[in-house]
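Beneath this line is the structure, given in structure tokens, with notes to follow.
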Amino acid sequence: GSFMMVNSSGRASGQKAHLLLPTLKENDTHCIDFHYYFSSRDRSSPGALNVYVKVNGGPQGNPVWNVSGVVTEGWVKTELAISTFWPHFYQVIFESVSLKGHPGYIAVDEVRVLAHPCRKAPHFLRLQNVEVNVGQNATFQCIAGGKWSQHDKLWLQQWNGRDTALMVTRVVNHRRFSATVSVADTTQRSVSKYRCVIRSDGGSGVSNYAELIVKEPPTPIAPPELLAVGATYLWIKPNANSIIGDGPIILKEVEYRTTTGTWAETHIVDSPNYKLWHLDPDVEYEIRVLLTRPGEGGTGPPGPPLTTRTKCA
């Protein structure tokens with residue numbers, strides 16, 4: 001197995017030592033366990049031990065498990081339930097951080113990859129991608145197999161390492177529980193990655209990374225095209241093929257008003273061309289097109305206006 005022994009005597013505060021496991025490409029539920037040991041002559045903690053799980057060669061991010069401020073009575077066993085499976089790969093990194101003026105030893109030993117679920121650390125089910133429109137709340141649901149304790153810490157970790165606390169946790173049954181969290185950073189079109197992490201008495205569980213996809217509601221680039229004019233009608237072509245933002249477009253609407261009035265009407269368009277009826281003669285109208293994509297908040301702002309006048313009666 002793998003082994004690391006760090007002597008913190010004479011070290012500067014914050015000095016680090018790393019033990020990197022080989023890259024793993026597991027294809028089924030599995031568990032990694034290890035033993036750690038903190039010792040010192042004066043019973044003061046020699047530093048801290050952090051564990052990171054780096055996925056697909058990405059950033060190291062924040063620890064998924066850590067311990068500090070202790071001196072152990074012998075070796076302590078800890079589990080890592082990592083739900084990252086082939087074809088994705090990951091690497092476990094152990095990091096020892098020294099504390100100046102606190103001589104002692106930090107050790108890690110008997111690191112094993114086991115072909116069965118962890119006995120104490122909960123395992124996450126696959127975290128699904130979430131798609132929302134700009135400005136809407138995005139909610140991830142973390143579902144885990146295992147027993148939930150009020151002492152467990154559950155959070156959402158972004159690809160760059162930033163952590164978001166999970167707000168709502170509920171027990172599904174005696175073998176499964178779930179937690180939800182809303183991600184508020186959806187102010188612009190983007191794609192980011194998140195994963196669920198849980199810290200329990202027995203160790204930590206880590207889910208796969210899922211994508212948060214933020215889409216921009218569509219807006220036509222060009223105004224509607226005028227096809228024919230009468231005293232009480234206008235034939236138009238919505239001209240909605242070229243857009244700013246994201247599709248697919250599930251709804252087209254025409255919004256029209258008089259240029260001097262305060263009222264406005266909106267009609268659903270379900271054909272390539274559309275006829276506006278019951279208009280007033282010799283009146284100037286402003287016509288815009290609204291487009292909608294799937295999801296809450298999927299209607300984009302109106303496109304450029306077509307300004308035209310009906311014929312004299």
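The table that follows gives values for the structure above.
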quantity	calculated
25 Å Cα-Cα reach of LYS54 towards lysines, excluding residues that sit fewer than 8 places from it in its own chain	LYS16, LYS25, LYS77, LYS120, LYS153, LYS193
Charged-residue dipole, Cβ positions (Lys, Arg, Asp, Glu), segment 160-313 about Cα centre, Debye nearest 20	700 debye
Size-normalised alpha-carbon gyration radius of segment 89-150, reference 2.2 N^0.38 Å	1.80
Disulfide-incompatible cysteines by the Cβ rule (no partner under 4.7 Å) in the chain	CYS312
Enclosed volume per residue, in Å³, of the convex hull spanned by Cα atoms of segment 59-101	107 Å³
Against the rule of thumb 2.2 N^0.38 Å, how large the Cα Rg of segment 90-248 comes out	1.63
Cleavage-rule hits (GluC sites (Glu not before Pro)) in segment 1-104: DSSP loop, at most 12 neighbouring Cβ within 10 angstrom	GLU73
Value in Å of the Kirkwood radius, where segment 154-313 supplies the Cα pairs that are averaged	19.4 Å
Whole-Å distance, taken between Cα centres, linking segment 189-216 and segment 42-58	20 Å
THR258-ARG189 FRET efficiency (beta carbon distance; Förster radius 41 Å; 0.05 resolution)	0.75
Cα point-scatterer Debye curve for the chain, base-10 log of I(q)/I(0) at q = 0.07, 0.12, 0.15 Å⁻¹	-0.47, -0.84, -1.11
For segment 1-155, the Rg and Dmax computed from alpha carbons only, in angstrom	17.6, 58
Linear extension gain, ARG119 paired with THR180, 0.36 nm per residue minus alpha-carbon span	19.6 nm
Gaussian network model of the chain, springs between alpha carbon atoms under 10 Å - residue of LEU227, LEU290, LEU114 with greatest fluctuation	LEU227
Zero-based 10 Å bins, Cα pair distances in segment 264-313, whole percents	20, 47, 26, 7, 1
Normalised alpha carbon radius of gyration of segment 22-106 [divisor 2.2 N^0.38 Å]	1.26
Which of ARG41, ARG199, ARG119, ARG126 is most accessible, then next, and so on - probe 1.4 Å	ARG41, ARG119, ARG126, ARG199
Additional length obtainable on full extension of the chain from LYS153 to ALA231, 0.36 nm per residue less Cα span	21.1 nm
For ASP201, solvent-accessible area (1.4 Å; no DNA, RNA or ligand), Å²	140 Å²
Relative contact order (percent, whole number), the chain, Cα cutoff 8 Å, 6+ residue spacing	16 percent
Where SER98, SER242 fall by accessible area, highest first, once all protein chains stay in place (1.4 Å)	SER242, SER98
Kirkwood-Stokes translational diffusion coefficient of segment 192-280, alpha-carbon pairs, 10 °C, 1.306 mPa s, µm²/s	92 µm²/s
Cα centre as origin, Lys/Arg/Asp/Glu Cβ charges: the chain dipole, Debye	960 debye
Estimated FRET transfer efficiency (ASN62, THR23; beta-carbon r; R0 30 Å; 0.05)	0.90
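The values are calculated or read from the model by the stated rules, or taken from the named source; none is laboratory data. Everything quoted here is computed from the prediction, not taken from an experiment. Here Cβ is always computed from backbone atoms with ideal geometry, including for glycine, and neighbour counts include all displayed protein chains. What goes into the accessible areas is simple: the full protein's heavy atoms, side chains included, and nothing from ligands, DNA or RNA. Shrake-Rupley method; radii C 1.70, N 1.55, O 1.52, S 1.80 Å.
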